[in-house]
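So the structure is just underneath, and the comments pick up after that.
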């Protein structure tokens, strides 16, 4: 029996739900998924109670409730250190936290211009100038990590940083963002990562009439 409950939202649209779900999978946490619909006013009210900032995922584990994705990552790293969500080396650990935090708090133009939509594909999509700086910054982060730690993941082996940037990989593929070979290879690695494949296949089964929320989630 699962000892934890992870509340998530749309698998097609919710990048933060994907991050939290991947973190739980990486930690080897046995959990039950609770999927909250987002188009009913009463459900919105319930989500607001679950998470004061209307952010999912929300993890409840052994009486502990954690509703912020980065906080979930740190919590899981504490209770499951053997899972390697953070690198062993202190400098690499600091680097991993820094780029995870940057993803968590930044890239607002990218989020607006390239919303998460796993069912869609837009060949030749034109990224507006305001978002291009965010795209270039992400590519710089990836190249620096892959060069420093040798790949195939950002810190060699899987860490919380890969969960944080996985939705960006999917966005880049959805919107046909032009990438150099290293970044394209990283996107392919993440897209073929078994939990990401599982999530993507589930997203394709969501009802077509599901509407995207009017907030970033």
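At what distance in nm do the modelled label points of residue 192 and residue 3 sit from each other, each positioned 7 Å from its Cα along Cα→Cβ?
Roughly 3.5 nm, to one decimal.
So what is the calculated 222 nm ellipticity per residue for the chain, using -39500 (n - 2.57) for each DSSP H run with n of 4 or more, over all residues, to the nearest 500 deg cm²/dmol?
Result for the chain: -16000 deg cm²/dmol, rounded to the nearest 500.
(1) 11.9; (2) 15.1; (3) 11.0: which one is mean projected area of the Cα convex hull in nm² as calculated from this entry?
Label (1) holds the value from this structure.
Label residue 181 and residue 90 with points 7 Å out from Cα along Cα→Cβ: what is the distance between them in nm?
Each label point is offset 7 Å from its Cα along the Cβ direction, giving 3.8 nm.
Of the candidates 162, 134, 180, which one comes out as most mobile in a Gaussian network treatment of the chain with C-alpha springs shorter than 10 Å?
180
Quote to one decimal, in nm, the extra length available between residue 157 and residue 126 on full extension: 0.36 nm per residue of separation minus the C-alpha distance between them.
7.9 nm
Post the alpha-carbon centroid distance, the stretch 145-192 to the stretch 107-136, in whole angstrom.
Their Cα centres are 16 Å away from one another.
Where a number appears in this text, it was derived from the coordinates with a stated rule and is not lab data. No experiment lies behind these values; they were computed from the predicted model shown. Positions of Cβ are generated from backbone atoms using ideal geometry, with glycine treated the same way; all protein chains shown enter the neighbour counts.
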